[in-house]
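Read the structure below first, then the notes.
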Amino acid sequence: MDLAGEILISAMLVIGGAFGLVGSYGLVKLPDQMTRLHAPTKAATLGVGGIMIASLLWFGFFGERASWHEFLIVLFLFLTAPITGLMIAKTNMHLTWRPDELPYPGEDMHWATFGDSADRSLMDGDADLDNTERDLRE
Amino acid sequence: MILYALYFAFACFGIGQLFCLYRVVFAPGVGDRVLALDTMAINMIALTALFGILHDTTMYFEIMLLFAMVGFISTVAYAKFLLRGDLIE
């Protein structure tokens, strides 16, 4: 029983560590900004999940008792990683791509960061226009 | 056996932290810096968990939760600032 637990915990630790290393290495290795987004948001999150399962098993087998804390942390990380990826992708799009480089989004549609509201963003300093537009719409 | 696996995982995440640090310092764009900082927070959570296993204590769970929350909020705040030039509109 103890041996099986040791093998399981060691396997989870090694798998988690390998995924974490791959995720961080991809951040340096991959060629362009949008592909570089993939490695940390997927592989590194999975690596942390492996480490957390190993921690859960360790405290279940050899510690006082297993707890739900690890699941809480893993749940939080798995929920927030896609949101982080989305926000950084939008930032990359907004800062480095021009609107005419993007594919045609369709009739009466626009890419999220290049719409009318983005033109009136506070970066340009005309906050008054933004407010009047919002008032008119309401 | 667990000890060696633990050292292996420590080495992996430590090297990962160094990669992220390299990417923070030598980044082609500012989005990569934000991404590298977020990855550093995630790797730090894993290192804290490994430290908890090594010392056989459950004291570090709160630290991990706080790291996860603060890392996520700071990343979203950075991205929002770069997108809009302001945090609270």
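The values are calculated or read from the model by the stated rules, or taken from the named source; none is laboratory data. Just so it is clear, the model here is predicted, and its values are computed rather than measured. Because the Cβ atoms are built from the backbone with ideal geometry, glycine has one as well, and the counts that use them run over all protein chains shown.
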So which of B:77, B:11, B:68, B:49 ends up being within 22 Å of residue A:46 (Cβ to Cβ) and surrounded by fewer than 22 Cβ atoms within 10 Å (Cβ to Cβ)? B:11
I need the full set of residues from region A:35-46 which are facing chain B (nearest Cβ under 9 Å) and among the hydrophobic types (A, V, I, L, M, F, W, C), in order please. A:37, A:39, A:44
Search region B:34-58 for residues that are over 21 Å from residue A:92 (Cα atoms) and pair each with any residue that is basic (Lys, Arg) when their beta-carbon atoms are under 7 Å apart and the residues are at least 6 apart or on different chains. none
Kindly indicate whether residue A:91 is part of a helix (DSSP H, G or I) and free of Cβ contacts under 8 Å to residues at least 24 places away in the same chain. yes
Counting only residues that are facing chain A (nearest Cβ under 7 Å) and without any contact (Cβ under 8 Å) to a residue 40 or more places away in the chain, which one in region B:4-16 is farthest from residue A:31 (Cα to Cα)? B:5
Condition check: surrounded by fewer than 14 Cβ atoms within 10 Å (Cβ to Cβ) and either more than 30 Å from residue A:57 (Cα to Cα) or modelled with pLDDT under 95 (or both). Does residue B:59 satisfy that? yes
Filter region A:16-40 down to residues that are surrounded by fewer than 23 Cβ atoms within 10 Å (Cβ to Cβ) and among the hydroxyl-bearing types (Ser, Thr, Tyr) and give me whichever is nearest to residue B:28 (Cα to Cα). A:35
How many residues of region A:46-105 are farther than 27 Å from residue B:16 by Cα and within 18 Å of the chain's Cα centre (by Cα)? The answer is 1
Take residue A:73 and tell me if it is facing another protein chain (nearest Cβ under 7 Å), touching a Phe, Trp or Tyr at 6+ places or on another chain (Cβ under 6 Å), touching a residue at least 12 places away in the same chain (Cβ under 8 Å) and assigned to a helix (DSSP H, G or I). no
Out of everything in region A:15-34 that is more than 8 Å from every other protein chain (Cβ to nearest Cβ) and touching a Ser or Thr at 6+ places or on another chain (Cβ under 9 Å), what residue ends up being farthest from residue B:37 (Cα to Cα)? A:19
Taking the conditions exactly as written (buried (at least 16 other Cβ atoms within 10 Å of the Cβ) and either more than 7 Å from chain A (Cβ to nearest Cβ) or in contact (Cβ under 8 Å) with a residue 40 or more places away in the chain (or both)), does residue B:25 satisfy them or not? no
Among the listed residues B:44, B:1, which satisfies the condition of being more than 7 Å from chain A (Cβ to nearest Cβ), of a type in the set (A, V, I, L, M) and in contact with a helix residue (DSSP H, G or I) (Cβ under 9 Å, 6 or more places away or on another chain)? B:44
